[in-house]
Amino acid sequence: GTVEKQRKLALSDSNSAPAMNGLDAKHKAVLNEILQRPSWPMADFRVVAAKAGLLPWACFTTLNEWALDTYADLLLEGDQIVTVNQNLKENIYV
């Protein structure tokens, strides 16, 4: 039941980088994918977000809010082209 699910989630979370705490599985999936490239045309970013079942701008905002909370810096910038903050990228995999 639910308790088992929560226990599994807790286990999988403890294995991931502490930096990822505060993001749910969908946002982690998007984060992992967008970190592969320094920038993304908005159309591509939309596809990545949609694959995870997220709305692009909501996802963009959530990742930036998380980055601000965690690193006091924005992760993503731009609208036509989404640029990934490379300085932050270095710190995400700790």
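Residue-by-condition table, conditions (1) acidic (Asp, Glu); (2) in contact with an Asp or Glu (Cβ under 7 Å, 6 or more places away or on another chain); (3) surrounded by 13 or more Cβ atoms within 10 Å (Cβ to Cβ):
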position: 48; (1), (2), (3): no, yes, yes
position: 60; (1), (2), (3): no, no, yes
position: 69; (1), (2), (3): yes, no, no
position: 80; (1), (2), (3): no, no, no
position: 89; (1), (2), (3): no, no, yes
*Starting from the range 28-42, take each residue that is among the small types (Gly, Ala, Ser) and list its partners that are in a strand (DSSP E or B), counting only C-beta distances under 8 angstrom and pairs at least six apart or across chains.*
39/81; 39/82; 39/83; 39/84
*Quickly run through the range 24-46 and pick out the residues that are touching a Phe, Trp or Tyr at 6+ places or on another chain (Cβ under 9 Å) and crowded, with 19+ Cβ neighbours inside 10 Å.*
27, 30, 31, 34, 45
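We did not get these values from a lab; they are worked out from the coordinates using the rules stated. These numbers were taken from a predicted model, which means no experiment stands behind them. Cβ atoms come from the backbone with ideal geometry, glycine included; neighbour counts cover every protein chain shown.
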